[in-house]
1. Testing the spin-label approximation: label points 7 Å from Cα along Cα→Cβ at residue 74 and residue 99. State their distance in nm.
2. By the gyration tensor of its Cα atoms, with a ≥ b ≥ c the square roots of the eigenvalues, what is the shape of segment 28-145: rounded for a/c under 1.5, prolate for a/b over b/c, or oblate?
3. Using the number of other C-beta atoms within 10 angstrom as an exposure proxy, rank 126, 69 with the fewest first.
4. Between residue 8 and residue 121, with labels modelled 7 Å along Cα→Cβ, what's the label distance in nm to one decimal, could you check?
5. Between residue 145 and residue 81, what FRET efficiency comes out of the Förster formula 1/(1 + (r/R0)^6) with R0 = 22 Å and r the beta carbon distance, rounded to 0.05?
C-alpha cells in the first residue's frame with residue numbers, strides 16, 4: 001500500500017476514536033471539584049444573580065446556558081422545563097449567552113448547551129455538557145431532593 005492510504009487509514013481511525021470518546025461524554029453528569037465555601041452564586045454577574053433572585057426559590061436550580069442558534073439548546077430547554085415541571089423542588093432557568101458572552105468565562109461555560117445544577121445555597125453540585133440524559137439527571141438529583 002502507498003503512504004497516502006496509510007495516512008488516510010490513520011486519519012479515519014483517529015477521527016473514529018475521537019468521535020466515540022466525544023459521544024460517550026455527551027450529556028453525562030460531571031461533578032466539579034472545588035471549595036464548598038465559595039458558592040457559584042457568589043461568582044454570578046449581578047444581572048444574572050438578580051434574575052435568579054426574581055425566580056421562585058427551590059432547593060435545586062437547573063441553570064441552562066444556551067445560545068440563539070443552538071439546536072441542542074432547544075431540545076435541552078424542553079427536556080429541563082418538563083423535568084422541572086414534573087419534579088417538586090426543582091426550577092429551570094435558561095440564560096441566553098448570545099447577549100452576554102462575557103459571562104461564560106468566569107462560570108467555566110465553554111459550549112452550549114451547558115446546564116449547571118445548583119443546590120439551595122447556590123453551590124454547583126454538578127454540570128452537564130450537551131443534552132442531559134434524563135435517567136442520569138434523575139438519578140443524580142434524587143439525593144438532593146430527598
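1. Here the answer is 2.0 nm between the modelled labels.
2. Working: a/c = 1.32, a/b = 1.05, b/c = 1.26.
In terms of gyration-tensor shape, rounded.
3. Working: 126 18, 69 9.
Exposure proxy ranking, most exposed first: 69, 126.
4. For the pair residue 8/residue 121, the computed spacing is 5.9 nm.
5. Details: r = 17 Å, r/R0 = 0.78.
In this case the efficiency is close to 0.80.
Each reported figure results from applying straightforward, stated rules to the coordinates on display, with no laboratory input. Treat the numbers as computed from the prediction; the structure is a model and nothing was measured. Please note: Cβ atoms are built from the backbone with ideal geometry, for glycine as well, and neighbour counts cover all protein chains shown.
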